[in-house]
Amino acid sequence: MTPLELVNLAIEAREHAYIPYSGFAVGAALLTKDGKVYQGCNIENSAFGPTNCAERTAFFTAVYKGERDFEAIAIVGGKGGEPISELCAPCGVCRQVMAEFCESDFKIYLSKGDGVVVTKTLAELLPLSFTKADLEH
Ligand code: THU
């Protein structure tokens, strides 16, 4: 699975976004270390707070299925019904969820859907993070 293939699966997932309030459609594709992919989209709610980001939809689906070892996630987002025009970086809550299940070298692929993939690590996007290791001190 190449980064671009994972991005294409995120673009496909974005089509499933439930976005009656923001109109902003996000797709994610999460790759396990043994090569399986779990897709997710954002799912909004009239009370706003219960809205689930695409990344967390992908993570929670995978974790429910018993997955615990993750390699990378691709994320794309932009105005629903339109081509992607900007990179969509994960929100802080999703970065924290990644920190629960992933190592610092977990890869985050961002793309405008133009064939170019920007690669970041979790350590770059969430430095000095609070993790389960902190609870053991
Ligand atoms: N959103 C995501 O799905 N992932 C992110 O990392 C950023 C924000 C969603 C939540 C909401 O449905 C919409 O984008 C606008 O914030």
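Odds and ends about this structure:
- Considering residues of segment 68-100 that are more than 11 Å from the chain's Cα centre (by Cα) and part of a strand (DSSP E or B) only, the residue farthest from the ligand (Cβ to nearest atom): Glu71
- Residue that is surrounded by the fewest Cβ atoms within 10 Å (Cβ to Cβ) [pool: residues in segment 7-48 that are aromatic (Phe, Trp, Tyr) and in contact with a strand residue (DSSP E or B) (Cβ under 6 Å, 6 or more places away or on another chain)]: Tyr18
- Within segment 49-67, the set of residues being more than 10 Å from the ligand (Cβ to nearest atom) and surrounded by fewer than 21 Cβ atoms within 10 Å (Cβ to Cβ) comprises Gly49, Pro50, Phe60, Thr61, Val63, Tyr64, Lys65, Gly66, Glu67.
- Once segment 88-100 is narrowed to residues that are buried (at least 16 other Cβ atoms within 10 Å of the Cβ) and touching a strand residue (DSSP E or B) at 6+ places or on another chain (Cβ under 8 Å), the residue that is nearest to Phe60 (Cα to Cα) is Met98.
Residues checked against (1) part of a helix (DSSP H, G or I); (2) away from the ligand (no atom under 13 Å from the Cβ); (3) closer than 23 Å to Arg68 by Cβ:
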residue	(1), (2), (3)
Met1	no, yes, yes
Val7	yes, yes, no
Ala10	yes, no, yes
Pro20	no, no, no
Ala25	no, no, no
Ala28	no, no, yes
Asp34	no, yes, yes
Tyr38	no, yes, yes
Ala47	no, no, no
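Rule-based calculations on the coordinates, nothing more; no lab input. Because the structure is a prediction, the values reported are computed rather than measured. Virtual Cβ from ideal backbone geometry, glycine too; neighbours counted across all protein chains shown.
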